Amino acid sequence: MNLDKLKLFVTLVDCQNFTKAAQELYVSQPNVTKQLRRLEEELDCQLIVRDKKGLRLTPCGQVFYEAAQKILASYQQALTQIKEVQTQDSQRQDLLIGATSCISSSFLPSLLAKIKRDYPHHKLSLKIGGSKRVLEQLDEGSISFALLSDYIPIDTSRFACVEIERDPLILICHPDHTFAGRESVSLEDINQETYISKTETSSLVRYLQQKLDHPHFMTQAPMIVDSQHSIKESVIHGLGVAIVSKRLVAKELERGSLCQVPIHGQSIDRGIRLVYKRQDQDSLWLRQLIHLMRDGGVR
């Protein structure tokens, strides 16, 4: 069995005529008849019945026709994907990534390293901004895709997304803080402390307020800083407590320069999503990128 026989059979069924099929395949009509006979002998069954109305598939022929269509379609898809891979391997490509500052601090460094390792011919560029601006850049085409938290609303008529992983959000404090070593603290306990946060316009702040039902420590005047990195450094220097991505402080927790404290009755996390234009959803590069992220890319 080979692809030429499959193509001949499918073409014959589609044309419903031996002469037309021969013309379509640039072969003689006797050759079409001979190849069909050999195919039926190989399968040990009759595939086509010829009568006054034309050609009719037998039950076996119908099964084989549907299977042959799928095989030929898969083969053509494979050829297209191989061509895409060859193009990627032979050309230097620009990969423009957009993300919020929160995600760029905790996720992108390890992801960029792995993309550079697996796709050395790609030129990587990173654009950091607010979620609204990142989505505008994606819509304009000035970035290839975006990494955003799942609480960021997107226009599903223009964008699609896939969740890459869940990101725990944890309460952190200095090792000398009274919270350090406790099994858990309550929201009321945190109300008595200096809480370090970004401004109330931050998407993460609004998400935490909603998840925690607007606790007093977030609605009062906390210590305001401009970035997740600054929040982390402020807690390291004993200026207060904060809720941040666990990935952001993983090294500090391991070294002991920060402590994680469970909040009683609360388990907070967020989804990290890869957002892209709907028109790009069949891109081979996009599928490869999703595979890279899910199988060790950002974990």
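The values are calculated or read from the model by the stated rules, or taken from the named source; none is laboratory data. Here the structure is a predicted model, which is why all the values come from computation and not from measurement. Note: ideal-geometry Cβ built from the backbone for every residue, glycine included; neighbour counts use all protein chains shown. In case anyone asks, the SASA skips ligands and DNA or RNA and just uses the protein heavy atoms, side chains included. Shrake-Rupley method; radii C 1.70, N 1.55, O 1.52, S 1.80 Å.
For this structure, a couple of remarks:
- Search result, residues across the stretch 1-34 that are modelled with pLDDT of 90 or more, closer than 15 Å to Ala68 by Cα and not acidic (Asp, Glu): Leu6, Lys7, Leu8, Phe9, Val10, Thr11, Leu12, Val13
- Residue match in the stretch 165-185 (condition: within 18 Å of the chain's Cα centre (by Cα), within 20 Å of Leu289 (Cα to Cα) and open to solvent by 10 Å² or more (accessible area, probe 1.4 Å)): yes
- Those strands (runs of 3 or more DSSP E) lying entirely in the stretch 232-299 with at least 1 residues among the aliphatic types (A, V, I, L, M) and in contact with a His (Cβ under 9 Å, 6 or more places away or on another chain): 259-261
- Selected residue (only one of Ser283, Ser202, Ser245, Ser227 is of a type in the set (Gly, Ala, Ser), over 20 Å from Phe179 (Cα atoms) and in contact with a Ser or Thr (Cβ under 7 Å, 6 or more places away or on another chain)): Ser227
- Under the condition of being without any contact (Cβ under 8 Å) to a residue 60 or more places away in the chain and farther than 19 Å from Leu204 by Cα, the residues counted in the stretch 225-249 number 1.
- Val205 vs. criteria under 24 Å from Arg166 (Cα atoms), surrounded by 13 or more Cβ atoms within 10 Å (Cβ to Cβ) and either under 23 Å from the mean Cα position of the chain (by Cα) or modelled with pLDDT of 95 or more (or both): no
- Looking across the stretch 22-50, the residues that are within 17 Å of Asn2 (Cβ to Cβ), without any contact (Cβ under 8 Å) to a residue 24 or more places away in the chain and either surrounded by 12 or more Cβ atoms within 10 Å (Cβ to Cβ) or more than 48 Å from the chain's Cα centre (by Cα) (or both) come down to Leu25, Val27, Asn31, Lys34, Arg37, Glu40, Leu43.
- Of the residues making up the stretch 106-145, not one is part of a helix (DSSP H, G or I), open to solvent by 80 Å² or more (accessible area, probe 1.4 Å) and touching a helix residue (DSSP H, G or I) at 6+ places or on another chain (Cβ under 7 Å).
- Residue in the stretch 216-225 that is among the aromatic types (Phe, Trp, Tyr), open to solvent by less than 20 Å² (accessible area, probe 1.4 Å) and over 26 Å from Lys114 (Cβ atoms) present: yes
- Qualifying position, being more than 24 Å from Ser74 (Cβ to Cβ) and open to solvent by 60 Å² or more (accessible area, probe 1.4 Å), among Lys53, Lys7: Lys53
- For the stretch 171-224, residues that are in a helix (DSSP H, G or I), free of Cβ contacts under 8 Å to residues at least 60 places away in the same chain and among the β-branched types (Val, Ile, Thr) total 2.
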